[in-house]
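Data first, discussion second: the structure below is written as structure tokens.
The values are calculated or read from the model by the stated rules, or taken from the named source; none is laboratory data. Predicted model, so just to flag it, every value in this text is computed and none were measured. Cβ: placed from backbone, ideal geometry, glycine included. Neighbour counts: every protein chain shown. Calculation scope for accessible area: heavy atoms of the full protein, side chains included, ligands and nucleic acids excluded. Shrake-Rupley method; radii C 1.70, N 1.55, O 1.52, S 1.80 Å.
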Amino acid sequence: MDLLSRRNMLLLRSFLLILPLLVIKASGQANTNVNPGQVGVHRRFEYKYSFKPPYLAQKDGTVPFWEYGGNAIASSEMVRVAPSLRSQKGAIWTKNQLNFDWWEVEIVFRVNGRGRIGADGLAFWYTTQKGDYNGPVFGSSDRWNGLGIFFDSFDNDNKHNNPYIMAVLNDGTKQFDHANDGTTQLLSGCLRDFRNKPFPTRARIEYYNNVLTVLFHNGMTNNNDDYEMCLRADGVQLPKNGYFGLSAATGGLADDHDVYHFLTTSLHPAGQIVENKVPQDNEKLSQEYKEYQEKLEKQKQEYKKDHPDEKEEEEWDEFYESENQRELRQIWQGQSQIFEHIRELSRKMDEVIGRQENTLSLVSRGLGAAAGGVVQQPPAAGGAAQQPPMVGVGGSISRAEIDLMVANQNNLLATARELRSLIGDIHARTDSILQQQQRAPSGQVQSAGYDVQAIINEMRDGMNQVKQGITHVGQKLGASPQAQTACPTGNCVGVTLFLSVTAVQLLLVFLYTIFKSRSEAQAKKFY
């Protein structure tokens with residue numbers, strides 16, 4: 001056990017001695033690949049070398065701090081560097097040179113076209129001189145001095161390796177190899193498809209401590225941070241004080257090359273950034289404001305000395321209201337308007353209530369009159385007086401009673417129509433009989449022939465139908481069948497009584513309809 005414990009102690013000591021060396025080596029390797037934003041590098045957004053929506057372009061079509069030409073079109077939301085037409089070229093460049101050495105550029109763009117293959121592509125430039133707007137290399141000049149990152153969408157060498165993203169350096173003496181798609185001159189690159197994506201594609205180009213890094217977002221997701229490594233190159237020497245630019249070109253095939261964002265961030269090592277001078281500018285402005293106020297007061301005093309009689313000038317402040325006075329006046333006006341509206345509403349409510357009370361009084365009078373008048377029926381053959389059902393006393397009628405009255409009224413109307421049709425038929429046939437009798441000779445006695453006998457039989461049937469109809473009406477009105485069968489040959493109900501009962505029922509139905517419509521209108525209005 002002693003030997004094992006000593007051996008474990010020796011191994012532990014040796015591991016503790018080696019651990020710092022491993023940590024130092026790992027940290028040295030990690031510092032060469034780490035993002036500069038993670039090691040305390042100062043980052044500052046450079047608005048003079050950037051553009052983004054909204055209001056990307058001004059009303060006159062210019063982009064602030066940028067200039068474009070060729071077939072490029074600038075709008076409030078994007079810059080269309082090259083449209084989807086054949087043989088189109090365009091470019092946009094910064095007006096000012098860069099005043100910082102290290103930078104990071106984020107480009108948000110779309111390359112869309114209707115064809116299965118696009119052409120030619122989009123290019124990002126960092127050069128000592130601005131390129132041409134109709135140049136042979138993706139719309140810009142050849143033999144440039146600086147960096148060009150090309151988003152090539154056309155396969156010139158027919159190797160089926162496009163769309164391709166490549167970085168090409170040039171010292172101003174080399175001509176771009178179009179036949180081989182620049183593969184003989186590229187610094188590094190990656191095979192990525194950036195055409196016709198559902199979301200805008202993104203490229204983040206970073207140049208810090210002579211290390212060039214290009215990250216790419218393929219536009220398949222809406223996550224703006226979903227980048228992947230495209231290329232990385234060490235020991236890249238770029239000239240200082242260059243220009244940023246974007247260019248695009250189309251050939252026999254065509255795509256829309258749209259750029260939405262071009263965001264530039266300058267990278268500065270910790271401790272080398274110049275301190276912000278905004279506080280000093282604020283102190284300077286405040287001092288100038290105080291001096292201006294003092295100068296204004298002196299001028300006022302001098303004017304008063306030169307014009308001692310004009311004392312009314314000081315009273316001009318009374319003609320102008322302060323912010324508090326204006327706010328109080330507006331509040332008072334608003335409250336006055338609200339009060340006027342409330343008073344008008346109160347007046348209209350009083351009118352509505354008065355009309356409602358008048359309507360209710362009229363309806364109650366009509367219902368009271370209908371409830372107080374009892375219609376007397378003539379005595380039946382049995383000597384018993386038949387009375388209609390009593391209406392509820394107190395000016396109120398139940399819904400069941402109203403429904404019963406309406407049903408009886410409908411039955412009466414239907415029966416009256418049937419009686420009218422039967423009486424008309426009888427009248428027509430009687431007229432025909434009389435006409436036939438008048439046509440016969442006066443000296444001869446006409447025997448009842450077949451036609452006359454048939455007509456008499458029909459009249460008898462018609463009278464029987466009338467009798468049955470009257471019996472049916474009596475049954476519906478609640479009369480006993482014995483009283484109806486015992487009714488004499490005369491009419492049991494007089495015409496005047498029948499019409500009066502019908503008129504009263506119609507009046508009651510009309511009044512109830514008016515009362516119901518008004519009550520429903522009032523309920524809709526108040527609730």
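Structure summary
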item: Solvent-accessible surface (1.4 angstrom probe) belonging to TYR49, in square angstrom, nearest 10; result: 10
item: Loop trypsin sites (Lys or Arg not before Pro), region 150-217, which have at most 15 other Cβ atoms in a 10 Å radius of their Cβ (DSSP); result: LYS159, LYS174
item: Relative contact order %, region 40-126, counting alpha carbon pairs below 8 Å whose residues are six or more apart; result: 21
item: Largest-first ordering by accessible area, 1.4 Å probe, given options ASP155, ASP309, ASP171, ASP425; result: ASP309, ASP171, ASP425, ASP155
item: Within region 225-257: backbone nitrogen closer than 15 Å to the ASN209 label point (7 Å, Cα to C-beta); result: 233-236
item: Stretchable slack from SER364 to GLU418, in nm (0.36 nm times residue separation minus alpha-carbon distance); result: 15.9 nm
item: With all protein chains modelled, accessible area of ILE331 [1.4 Å, Å²]; result: 90
item: For ILE117, net neighbour charge (Lys/Arg +1, Asp/Glu -1) across residues whose Cβ lies under 13 Å away; result: -2
item: Label-zone membership for region 71-99, site THR62, 7 angstrom Cα→C-beta point, backbone N under 15 Å; result: 74, 93-96
item: Across LYS52/LYS174; LYS95/LYS240; LYS48/LYS240; LYS52/LYS240, pairs whose alpha-carbon gap is larger than 23 Å; result: LYS52/LYS174; LYS52/LYS240
item: Exposure ranking of LYS197, LYS240, LYS290, LYS305 by accessible area [1.4 Å probe, largest first]; result: LYS305, LYS240, LYS290, LYS197
item: In Å, descending, principal axis extents of the Cα set of region 72-124; result: 41, 21, 20
item: Rounded Å value of the spacing that divides the Cα centres of region 105-167 and region 319-368; result: 73
item: Nonlocal amide H pairs with ALA82, under 5 Å, H built at 1.01 Å; result: HIS257
